[in-house]
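**Q** Once you've had a glance at the structure underneath, I'll fire off some questions.
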Amino acid sequence: MAGDGYLEWMRREGRIVIVGASLAGLRAAETLRKEGFTGSLTLIGDEPYEPYDRPPLSKQVLLGQTSADRTALPQRMEFDAHWRLGVAATGLDMANRRVRLADGDEVEYDRLLIATGVHARPWPHEAEADLDGVFVLRTRDDAAGLQRRLVGARRVLVIGAGFTGSEIASACRERGLPVTVVERAAAPLVGALGGVVGQAAAELQREHGVDLRCGLMVTGLEGDSAGRLRCAHLSDGTTVEADVAVVSLGATRNTAWLADSGLGAGPRGIACDAGCRAFDVRGIVTDDVFVAGDVARSPHALFGYQFLSLEHWGNAVAQAEIAAHNMISASSDRRPHLWVPAFWSSQFGVSIKSVGVPSLGEEILIAQGALAEHRFTGVYGYQGRVIAAVTFDQTKWLEFYQRQIETAAPFPPPFPTVDRRPEGLRPVPADFPDPSLPTHAPSVTLSGYSPTDRRITFTPVRA
Amino acid sequence: MTQATLLGQILDHANRADPYPLYAELRKTPVYREEDTNTYVVSNYWEIKGLLHDPRISSDARNLSPRAAGALPDQEEEESALPPTFLKLDPPEHDRLRRMTMRPFGPPETPRRVHNMRGELSKIVSDLIDDFGDREQIDLVDNFSYPFPVTVICRLLGIPREDEARFHTWADTIAASLDPDPSEDPTERRRIAQTARTDLGVYLAGLIDERRKAPGDDMLSALATEHGPDGQMSQMEVLSTAALLLIAGHETTVNLITNGMLTLLRNPDVLKRLRAEPQLAVPLVEELLRFEPPVQLLPQRTTLADIEVAGTTIPKGASLWLVLASGNRDPQRFLDPDRFDPDRKDNQHLGLGSGIHNCFGAPLARLEAQIALTELARRLDNPRLLEDPPPYRQNAVLRGPRHLNIAFDGCRP
Ligand SMILES: Cc1cc2nc3c(=O)[nH]c(=O)nc-3n(C[C@H](O)[C@H](O)[C@H](O)COP(=O)(O)OP(=O)(O)OC[C@H]3O[C@@H](n4cnc5c(N)ncnc54)[C@H](O)[C@@H]3O)c2cc1C
């Protein structure tokens, strides 16, 4: 068959280009080689570094336990590739299968994998964002700069109490630095885990000496005459004196370079099918452009086929492996990416893990342990079934709840468990903020309509 | 083979040397029910794994329904005045006691304790092997596998050297009581064990008092004096925890080392490799924990609700047995499971359990076995089995040879 012949040729001497040389890009490259791809492989990354790991940046690096340049991702195998680091992809010509680079070069491909991830949402006022002492935290350079500046800092202001912001606050407290956290929502982590768990997170922060101010916004940052951050103004009219501020307002997907390419890419990411094949703007699936990692959003059977984008480490790895496999496989051998979302964080001495999509939950039941002890398992329900679970220092139970999610088990769970407390006898509203209001940092974004909605809304690019 | 006899056969000492064909039979009925005792036996890897993480499963015997008597004839008779150890408790009590015990033992508070014992462990091992003298034949169990872990526990708990011998005697007596010899008079045996328990308890209580006044950096001092976020252990809790560390940390390691040497002698090519590449010890011990786990099954769990496992409903309060050793040989999970293969990839065995009750002493047990087997392989010249299979202990749960008579041409320095 002609199609098979092409595939054979592709596997043997085709050209595969990966844009985004970080976690997803690296794991995809390894998988391609492991599965027998012998053609040319090019990895394009705008950062000058070999792939490195981001989770330690807000944890061990800020604590000074390791330095930012020691976070290189371990390579699982030696493989042959053409690395083009320190140069950004600036455009995509789908018709002629070319990627344009910032240095004017163009790279041709037979198959393309896009793994450009996300970048930290910057402070919206440019002049204020440029003040000395104002940081975001996404890259190795960000982490190195921030870690240097924390030495001798007088007070650190963290703007936004999502996972990253909370981890930064935790690291600062562990270093003994005074920290103020300002969060627009009623508690930390509410975008990701809801208000019930958020309250427990708030207590945790306060017990560790964080000056936590919720229900407030930072309205402006002010510098001194030398352009150094001096203080921040809050929406309640108060001021916080701080010489370091970390803007932790969530992330924006790296898709700007794909504008006008004809690919279905936008601020919410690049839509793809369950096999990681990207959609074009007409909603037609491509067969030579694949996506993986934080930048991708794909429909998930367990969650009503809504499109999910996950900013989760494990998802990036799993999706990259599936994408790589599918890129060089016949359609009958392709596999769907049906990863159950799973996320971990560690802050204030507590290990937080979640599976499923908590933000889809309407209600939560504290199935084991107690919120007040900061050691519990919360189970989220959606329309009578288990949709997610979160644990604070109770990781070992998570596997059970993952199976409950996978089998659409009924919610609330009709059975008793060990360590069920009186507060776990009845579910309560999970208390997520109105989804139409943007939150700083949900680590899962639901960005589609459920098929039962049957609605189409036309949203012009410029209103 | 009729199903009703399967459990009986597994418990029957005649099948102790090779229970694996029976486990294979058992796996054909993933949830096997023994009518008389209301015991449900689970033998497949994935089902066991799931149940080890299932919060509807309790380790607290108080949740057993009165009907579920348990099929183990002379189940360990730890009847004593001590409160139950965390092995037999559910959260939150389990978590609290285990956390407090972990503080002086492992990460995050004491990450290097086990690692730092490496030199001492090697020394104990060398001394024991030196003691073989110019004999060319030994019983590995009596001359090596038994004394080694007890000595280690003495050092860990901070038992003074001059008391180690007494401690060994009590430990041996208690251990023997866990492995009843049917030819002995049970009343007499129970009395002897009870006396040993009492003597050991009195001794430990005295030692704890001393440590309270003048703490050292041993575990007993830490358990007796530390005020962590969970508060302090009561005297009784310290005692029962110390007894748990002694029994659990010792019974199992004996079998791990003995089973290990037996397996190596049956696989001379692997023994030869270990001699040449000592770093093989790490994956080798993992494979051993899969292939011949010292704890064959967990017989003391029960259900808090009716739960469905592989199409069978296990009723609330049933006695639940999880046959770890069978899960470890489940062909649905492990390729060629009856082959001993230290190069096995993805070896997520159940040998140390999983979930909240996973083996507390695992890091120490692993290190003890690695050092012991590497040293035996290195120093014994041409070792060979004198009896295969060797005589086994009575116990079906803590399974291992009672004696392992081996010969060799000499001991290298
Ligand atoms: C501080 C921090 C802490 C985290 N902690 C956790 C955690 O505890 N648990 C967890 O599950 N997840 C955590 N994450 C998330 C996790 O790191 C991400 O999910 C993961 O990095 C996603 O990998 P990726 O390869 O898809 O994207 P990225 O790692 O974002 O990589 C994308 C790469 O593409 C490059 N790129 C972008 N545009 C272009 C272009 N046009 N041309 C060339 N290159 C381009 C980017 O510079 C980047 O190097 C954390 C993230 C951060 C930042």
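The values are calculated or read from the model by the stated rules, or taken from the named source; none is laboratory data. Treat the numbers as computed from the prediction; the structure is a model and nothing was measured. Cβ coordinates were reconstructed from backbone atoms using ideal geometry, including for glycine residues, and neighbour counts include every protein chain displayed. Side chains included, ligands, DNA and RNA excluded: accessible areas come from the protein's heavy atoms. Shrake-Rupley method; radii C 1.70, N 1.55, O 1.52, S 1.80 Å.
**Q** What does the convex hull of the alpha-carbon atoms of the range B:127-183 project to on average, in nm²?
**A** Mean projected area for the range B:127-183: 5.0 nm², to one decimal.
**Q** Treating the beta-carbon of each Lys and Arg as +1 and of each Asp and Glu as -1, no other charges, what is the dipole magnitude of chain A about its Cα centre, to the nearest 20 debye?
**A** So the dipole magnitude of chain A works out to roughly 680 debye.
**Q** Take every Cα-Cα pair in the range A:171-273 and report what % of them are more than 24 Å apart.
**A** It works out to 43 percent of all Cα pairs.
**Q** Dividing the Cα radius of gyration by the Kirkwood radius, what Rg/Rh value follows for the range B:224-361?
**A** Checking Rg against Rh, the ratio lands at 1.06.
**Q** Sequence neighbours fewer than 8 away in the same chain don't count; with that in mind, list the aspartates and glutamates whose C-alpha is under 14 Å from B:Lys316.
**A** Hits, sequence-local ones excluded: B:Asp54, B:Asp60, B:Asp306, B:Glu308.
**Q** Other chains near B:92-103: what is the mean number of their Cβ atoms within 10 Å of each residue's Cβ?
**A** 2
**Q** Normalised radius of gyration for chain A, please: alpha carbon Rg relative to 2.2 N^0.38 Å, two decimal places.
**A** So the Cα radius of gyration is 1.00 times the expected 2.2 N^0.38 Å.
**Q** Roughly how large, in nm² to one decimal, is the mean projection of the convex hull of the alpha-carbon atoms in the protein assembly as shown?
**A** Averaging across all directions leaves 42.2 nm² for the Cα convex hull.
**Q** Within 10 Å of each candidate Cβ there may be at most 14 other Cβ atoms; applying that plus a DSSP loop requirement, which trypsin sites (Lys or Arg not before Pro) in the range A:199-306 survive?
**A** Sites meeting the loop and neighbour criteria: A:Arg282.
**Q** Same structure again: Counting only DSSP beta bridges with both residues in chain A, what percent are antiparallel, rounded to the nearest 5?
**A** 65 percent
**Q** If you don't mind, there's one more thing I want to ask. Report, as a whole number in µm² per second, the diffusion coefficient that Stokes-Einstein gives for the range A:52-157 at 20 °C and 1.002 mPa s using the Kirkwood radius over alpha carbon pairs.
**A** After rounding, the answer is 127 µm²/s.
**Q** Report in % the part of the accessible area of the range A:125-275 that belongs to carbon and sulfur, leaving out ligands and nucleic acids; probe 1.4 Å.
**A** 46 percent
**Q** Let me ask something else about it. Considering only protein heavy atoms and a 1.4 Å probe, what is the carbon-and-sulfur percentage of the accessible area of the range A:337-416?
**A** Carbon plus sulfur share of accessible area: 55 percent.
**Q** Could you look at the range B:218-349 and say what percent of its accessible area is carbon and sulfur, using a 1.4 Å probe and all protein chains?
**A** Ligands and nucleic acids excluded, carbon and sulfur reach 52 percent.
**Q** Summing -39500 (n - 2.57) over the DSSP H runs of n ≥ 4 in chain A and dividing by its residue number, what mean residue ellipticity at 222 nm do you reach, to the nearest 500 deg cm²/dmol?
**A** After summing the helix terms and dividing by the residues of chain A, the value is -6000 deg cm²/dmol.
**Q** Sticking with this one: Farthest toward the dipole's positive end in the protein assembly as shown, which of B:Ala165, A:Ile168, B:Phe86, given Cβ charges of +1 (Lys, Arg) and -1 (Asp, Glu) about the Cα centre?
**A** A:Ile168
**Q** Still on this structure, please answer the following. Could you pull out the GluC sites (Glu not before Pro) across the range B:1-49 that fall in loop regions by DSSP (anything but H, G, I, E, B) with no more than 13 other Cβ atoms inside 10 Å?
**A** The qualifying sites are B:Glu35.
**Q** For the pair A and B, how large is the buried accessible area, both sides, in square angstrom to the nearest 100, if the probe is 1.4 Å?
**A** Summing both sides, the interface buries roughly 1500 Å².
**Q** Using a 1.4 Å probe, how large is the accessible area of B:Ile153, given in Å² and rounded to the nearest 10?
**A** 10 Å²
**Q** Name the residues of the range A:384-406, by number, that are at least 20 Å² less accessible with every protein chain in place than in the isolated chain; the surface is that of heavy atoms, probe 1.4 Å, without ligands or nucleic acids.
**A** With the partner chains in place, the range A:384-406 has these residues losing at least 20 Å²: A:Lys396, A:Trp397, A:Glu399, A:Phe400, A:Arg403.
**Q** Which whole-percent values make up P(r) of chain B when all C-alpha to C-alpha distances are grouped in 20 Å steps starting at zero?
**A** Bins of 20 Å from zero give 26, 60, 14, 0 percent of pairs.
**Q** Continuing with the same structure: Just the accessible area for A:Ser235, please: 1.4 Å probe, Å², rounded to the nearest 10?
**A** Around 60 Å² of this residue is reachable by solvent.
**Q** Quick one: which residues, 5+ away or cross-chain, put their amide H under 5 Å from the amide H of B:Trp321? H built at 1.01 Å from N.
**A** Under 5 Å from the amide H of B:Trp321 lie the amide H atoms of B:Tyr40, B:Val41, B:Val42, each far enough along the sequence or on another chain.
**Q** In degrees from 0 to 90, rounded to the nearest 10, what is the angle of the helix A:163-174 Cα long axis to the longest principal axis of chain A?
**A** It is inclined by approximately 50 degrees.
**Q** Before anything else, pin down the relative contact order of chain B: Cα pairs under 8 Å, at least 6 apart, normalised by residue count, whole percent.
**A** For chain B, the relative contact order is 26 percent.
**Q** Right, next: Restricting to bridges with both residues inside the protein assembly as shown, how much of the DSSP beta-bridge set is antiparallel, in percent to the nearest 5?
**A** 70 percent
**Q** Right, another one. Any idea what the dipole of the range A:42-151 comes to, in debye rounded to 20, about its Cα centre with Lys/Arg Cβ at +1 and Asp/Glu Cβ at -1?
**A** 480 debye
**Q** Accessible area per residue for chain A in Å², computed with a 1.4 Å probe and the full protein assembly in place, what is it?
**A** 43 Å²
**Q** While we're here: Could you state the accessible area per residue of chain B in Å², with a 1.4 Å probe and every protein chain left in place?
**A** It amounts to 41 Å² per residue over chain B.
**Q** Another question, then. Would you work out which of B:Gly317, B:Leu304, B:Leu284 lies farthest towards the positive end of the dipole of the range B:270-326, given +1 charges on the beta-carbon of Lys and Arg and -1 on that of Asp and Glu, about the Cα centre?
**A** B:Leu284
**Q** Return the subset of B:Lys272/B:Lys345; A:Lys59/A:Lys353; A:Lys353/B:Lys49; B:Lys49/B:Lys272 for which the Cα-Cα distance in this structure is over 23 Å, preserving the input order.
**A** Among B:Lys272/B:Lys345; A:Lys59/A:Lys353; A:Lys353/B:Lys49; B:Lys49/B:Lys272, the Cα-Cα distance tops 23 Å for B:Lys49/B:Lys272.
**Q** Same structure, new question: Antiparallel as a % of all DSSP beta bridges within the range A:159-233, to the nearest 5?
**A** 45 percent
**Q** Relative contact order for chain A: what is it in percent, counting Cα pairs under 8 Å that are at least 6 residues apart?
**A** 14 percent
**Q** Here's another thing I want to ask about it. Rounded to the nearest 20 Debye, what is the dipole magnitude of the protein assembly as shown about its Cα centre when Lys and Arg each give +1 and Asp and Glu each give -1 at the C-beta?
**A** That gives the protein assembly as shown a dipole magnitude of about 1400 debye.
**Q** Tally Lys/Arg at +1 and Asp/Glu at -1 over every other residue whose Cβ is under 9 Å from the Cβ of A:Cys214; what's the total?
**A** Spelling it out: positives minus negatives among the neighbours equals +1.
**Q** Taking +1 at the Cβ of each Lys and Arg and -1 at the Cβ of each Asp and Glu, which of A:Gly64, A:Gly20, A:Gly86 sits farthest along the dipole of the range A:19-90 towards its positive end, judged by Cα position relative to the Cα centre?
**A** A:Gly64
**Q** Could you tell me the distance between the Cα centroids of the range B:302-364 and the range B:17-49, to the nearest Å?
**A** 11 Å
**Q** Where the centroid of each part is defined by its Cα atoms, how far is the range A:277-332 from the range B:147-196 in Å?
**A** So the separation of the two Cα centres works out to 60 Å.
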